[in-house]
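In what follows, a structure is listed as structure tokens, so that the remarks can point back to it.
The values are calculated or read from the model by the stated rules, or taken from the named source; none is laboratory data. Predicted, not measured: the structure shown is a model, and the values here were computed from it. Positions of Cβ are generated from backbone atoms using ideal geometry, with glycine treated the same way; all protein chains shown enter the neighbour counts.
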Amino acid sequence: MDSPRRTMDSPRTPSALSSPEAKIGHRVEDLWDVQEPQLSPSEKLNSCFESIPVSSFPPAPPSQEIEISSDASLADAVEALSKNKIFSAPVRNVNAPADASWIDRYIGIIEFAGISVWLLHQSEEAARHMNGSGADASMGGCYFESLTSSKFYGKTKVQDIAGSFRWAPFLALQKEDSFLTMLLLLSKYRMKSLPVVDLGEGKIENIITQSAVVHMLAECVDLLWFENWGSKKLCELGLPVMKKDRLVKAVEEEPVLNVFQLMRRRRIGGIPIVDVSGQKVVGNISIRDVQYLLTAPETYKNYRSITAKNFLAAVRNYLEEHQEASPLLRSVITCKTVDTLKDIILKLDSEKIHRIYVVNEERNLEGVITLRDIISKLVHEPHGYFGDFFDGVVPLPANSRV
């Protein structure tokens, strides 16, 4: 039986047919065909992914191979991340002995957003101190600008802010580990990215992200196993998992500072911005967007008073002036529960976004679907798969979703 074809509005290009991600899809297809007939489709997928080692995953771009020294200053870390156009990097422990194992050689993964949120917190502390001393509150905007050029910023080390927002533990895969292990860690166990280490050399060989996995899935459209899974509607799969009554959101007239503080407090990576009715989603602010409080003058000068609505407008203006590509330049991406999983995967991949908002026929907000939600519907954790490995090892905050 021939596998279904892509629709005319999403043609498969010759390059996609031979892409490394598509080759993995064909490998899954070959394994799918020889599975025991009594297995359910879900069990078949689990078995297929358990048979493929993570060493088969396409390598990340060279720019993502950088490491940050634990004694690097925040200024140096931000410069390295910005220069390579990446949002996070593993932190190498400079105090580890030369013969240290990989688990002692790295202390975690630092994100650009984590540094930005930490700086935001410092500026708020300074503003609070000045207010207590009778200083004008408007000094906060000036302080935020001066903070990044201060000796304090240049001397503070990456290791000094360990434990700040979204500082992730260094949990790595070995090359022999399976795709199933990798997919479970990126979904159920909430890892955003996973380094792959070579035990022999004790170094990182690859970094696999949620976005890379969703891109791989997008390259597998048309294959029988994918169509069997991806043709299901969101409502049939119990999506969205995060319904509107549990969704953290912010009104567009709310100060954007409150939005970032809310993300920091709830330890979440993105918040929908709704209109005054609280029903219609009009935008999305990600924790990564906090960087524009450091780089866009029209926002950091008024960062304590600018609203979420005006922040989004100012950032779009800034991006257009600097000719930078960003999902923020587009209107918020939405979907409906009758859309298929394939529809959502192609949208997330083509738009390079991490979440998509679910709306009803009246375009009222119904929930959110993240990259993690997509991956979680691909595989399930067999009983006792990880044993008691995660008991007390990886913190899983109740409100952590992205």
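Okay, residues lined up against (1) modelled with pLDDT of 95 or more; (2) surrounded by fewer than 17 Cβ atoms within 10 Å (Cβ to Cβ):
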residue: SER331; (1), (2): no, yes
residue: LYS336; (1), (2): yes, yes
residue: THR340; (1), (2): yes, no
residue: TYR357; (1), (2): yes, no
residue: ILE369; (1), (2): yes, no
residue: HIS383; (1), (2): no, yes
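Of the residues that sit in the range 259-301 and are among the acidic types (Asp, Glu) and part of a helix (DSSP H, G or I), which one is modelled with the highest pLDDT?
By that ranking, first place goes to ASP289.
Whether any residue in the range 342-349 is touching a helix residue (DSSP H, G or I) at 6+ places or on another chain (Cβ under 8 Å), outside any loop (DSSP other than H, G, I, E, B) and farther than 19 Å from VAL221 by Cβ is what I want to check.
no
For (1) buried (at least 17 other Cβ atoms within 10 Å of the Cβ); (2) closer than 23 Å to LEU184 by Cβ; (3) more than 24 Å from the chain's Cα centre (by Cα); (4) among the hydroxyl-bearing types (Ser, Thr, Tyr), each residue gets a yes or a no:
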site	(1), (2), (3), (4)
LEU31	yes, yes, yes, no
LEU39	no, yes, yes, no
ASN46	yes, yes, no, no
PRO62	no, no, no, no
SER70	yes, no, no, yes
SER82	no, no, no, yes
ILE86	yes, no, no, no
ALA89	yes, no, no, no
ALA100	no, no, yes, no
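Here is a list: VAL332, VAL276, VAL256. Which entry is touching a residue at least 60 places away in the same chain (Cβ under 8 Å) and among the aliphatic types (A, V, I, L, M)?
Residue meeting the stated conditions: VAL332.
I want to confirm something. Restricting to the range 232-246 and keeping residues that are in contact with a strand residue (DSSP E or B) (Cβ under 6 Å, 6 or more places away or on another chain) and under 19 Å from ILE353 (Cα atoms), which single residue is modelled with the lowest pLDDT?
The extreme case among them is MET242.
Taking the range 237-276 only, how many residues are closer than 12 Å to VAL117 by Cα, of a type outside the set (Val, Ile, Thr) and buried (at least 17 other Cβ atoms within 10 Å of the Cβ)?
Residues in the range 237-276 being closer than 12 Å to VAL117 by Cα, of a type outside the set (Val, Ile, Thr) and buried (at least 17 other Cβ atoms within 10 Å of the Cβ): 5 in total.
What number goes with the only condition from (1) surrounded by fewer than 16 Cβ atoms within 10 Å (Cβ to Cβ); (2) more than 27 Å from the chain's Cα centre (by Cα); (3) modelled with pLDDT of 50 or more that SER3 does not pass?
(3)
Can you name the condition, by its number, that LEU365 falls short on among (1) modelled with pLDDT of 95 or more; (2) within 21 Å of ALA218 (Cβ to Cβ)?
(2)
Report, ordered by the first and then the second residue, all pairs with beta carbons closer than 7 Å, sequence separation of six or more or different chains, a first member in the range 89-101 that is closer than 20 Å to LEU171 by Cβ, and a second member that is of a type in the set (Gly, Ala, Ser).
VAL91/SER70; VAL91/GLY108; ARG92/SER69; ARG92/SER70; ASN93/SER70; SER101/GLY202
For the range 23-53, which positions are outside any helix (DSSP H, G or I) and modelled with pLDDT of 95 or more?
Correct list: SER51, ILE52, PRO53.
Would you confirm whether or not the range 241-255 contains a residue that is in the same structural domain as GLN323 (by TED's automatic domain parsing) and under 30 Å from CYS48 (Cβ atoms)?
Scanning the range 241-255, I find at least one residue that is in the same structural domain as GLN323 (by TED's automatic domain parsing) and under 30 Å from CYS48 (Cβ atoms), so the answer is yes.
Considering GLU324, GLU320, which residue is over 21 Å from LYS249 (Cα atoms), assigned by TED's automatic domain parsing to the domain that holds LYS347 and in a helix (DSSP H, G or I)?
GLU320
Let me spell it out: the conditions are (1) under 28 Å from GLU236 (Cβ atoms); (2) without any contact (Cβ under 8 Å) to a residue 40 or more places away in the chain; (3) buried (at least 21 other Cβ atoms within 10 Å of the Cβ), and ILE344 meets all of them except one. Which number is the exception?
Unmet for ILE344, out of (1) under 28 Å from GLU236 (Cβ atoms); (2) without any contact (Cβ under 8 Å) to a residue 40 or more places away in the chain; (3) buried (at least 21 other Cβ atoms within 10 Å of the Cβ): (2).
Residues in the range 205-257 that are over 21 Å from LEU184 (Cβ atoms) and hydroxyl-bearing (Ser, Thr, Tyr): how many?
Residues that pass the stated criteria total 1.
In this structure, does ILE204 turn out to be assigned by TED's automatic domain parsing to the domain that holds SER63 and in contact with a Phe, Trp or Tyr (Cβ under 7 Å, 6 or more places away or on another chain)?
Here the answer is no, as ILE204 does not meet what is asked.
Would you mind stating whether ILE103 is among the β-branched types (Val, Ile, Thr) and farther than 13 Å from ILE207 by Cβ?
yes
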